[in-house]
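In what follows, a structure is listed as structure tokens, so that the remarks can point back to it.
Laboratory data are not the source of any read-out in this text; all were calculated from the coordinates shown. Keep in mind that this is a model prediction, so the values were computed, not measured. In this analysis, Cβ positions are derived from the backbone assuming ideal geometry, glycine residues included, and neighbour counts consider all displayed protein chains.
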């Protein structure tokens with residue numbers, strides 16, 4: 001087998017770390033409302049911990065109501081999350097996060113159309129749209145919105161503190177309205193809060209399973225405030241398996257309550273159900289751990305992004 005093919009074949013089993021990566025919603029329908037996210041269970045550690053996670057996602061969401069109002073969201077989304085965490089004691093730690101975000105016309109439409117045709121699962125909405133063309137329009141009962149593309153901008157800063165309680169963990173976070181974009185539909189525009197609790201249900205040398213729940217509150221903001229929810233709830237389950245040496249695979253199931261109501265569109269009024277999966281590759285002492293993976297929307301026509309590709313570095 002040629003060396004590149006051998007490397008590709010080994011990727012699913014050559015992945016690793018003791019902490020499952022964070023998951024943050026990429027779709028602005030979710031990211032502009034809820035401050036909830038998946039917070040991994042963090043064992044005690046010395047010094048600073050850093051993570052950089054790059055999400056690149058292809059989104060196509062359409063919908064038509066009974067009164068023939070239409071929804072369209074067609075874009076490729078880039079999100080780069082920087083995470084910093086530091087222990088204050090064996091029980092207490094602080095964490096922070098900021099993201100670079102942007103939206104693009106795209107470059108993957110033709111490939112994804114071909115891929116879905118090959119596997120026999122075509123996406124009619126994608127086939128009806130012009131290739132690599134941005135669009136976000138919402139025909140609401142109160143009027144139609146044509147939302148412009150987001151140029152690269154810094155998102156809201158997230159700050160938090162956590163407490164370890166044996167195999168349990170509680171983390172409180174707040175997001176500050178620091179987003180640098182002027183388009184209100186791409187940002188919260190207000191302080192958002194979140195409280196998460198998790199428990200390590202299985203804690204073995206090769207396998208772990210964390211289950212958790214979270215709740216949060218964000219006040220309404222600007223254009224869509226008539227339809228925006230203010231309270232949110234989430235649940236998660238994160239599985240980690242050390243396959244060989246320090247190489248690991250992981251899978252995180254994350255679901256949260258709807259971000260909007262009364263629009264008539266599933267892409268706004270339905271809950272998020274996302275599967276984030278992949279692996280963590282141990283490259284050697286002194287090197288960051290490499291994350292390779294994907295995220296998938298498990299709820300048809302829901303607000304999660306259909307196909308996202310994730311690359312991360314953790315040290």
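Taking square-rooted eigenvalues a ≥ b ≥ c of the alpha carbon gyration tensor, is segment 143-232 rounded, prolate or oblate, where a/c under 1.5 means rounded and, failing that, a/b exceeding b/c means prolate?
Because a/c hits 1.5 or more and a/b exceeds b/c, segment 143-232 counts as prolate.
Under the definition of Cα pairs under 8 Å and six or more residues apart, what whole-number percent is the relative contact order of the chain?
21
For residue 244 and residue 195, FRET efficiency with R0 = 25 Å and r from the beta-carbon atoms, rounded to 0.05?
0.10
Distance in nm between label sites at residue 48 and residue 277, each 7 Å beyond Cα in the beta-carbon direction?
Once both label points are built, they end up 3.5 nm from each other.
Between residue 215 and residue 299, what is 0.36 nm times their sequence separation minus the Cα-Cα distance? Round to one decimal in nm.
Additional length available on full extension: 28.2 nm.
Could you check which residue among 83, 217, 114 shows the biggest mean-square fluctuation in a GNM of the chain with a 10 Å Cα cutoff?
114
Could you tell me which of rounded, prolate or oblate describes the chain, using a ≥ b ≥ c as the square roots of the eigenvalues of the alpha-carbon gyration tensor, with rounded for a/c under 1.5 and, failing that, prolate when a/b is larger than b/c and oblate otherwise?
Oblate, because a/c is 1.5 or more while a/b does not exceed b/c.
List residues of segment 256-288, by number, whose backbone nitrogen lies under 19 Å from a label position 7 Å along Cα→C-beta of residue 230.
257-263
What is the distance in Å between the Cα centres of segment 274-315 and segment 54-93?
Taking the Cα centre of each part, segment 274-315 and segment 54-93 sit 13 Å apart.
Taking a ≥ b ≥ c as the square roots of the eigenvalues of the Cα gyration tensor of segment 208-306, is the shape rounded (a/c under 1.5), prolate (a/b larger than b/c) or oblate?
Prolate is the answer for segment 208-306, as a/c is 1.5 or above and a/b outweighs b/c.
So if each residue of separation counts as 0.36 nm, and I subtract the Cα-Cα distance between residue 134 and residue 86, what length gain in nm does that give?
13.3 nm
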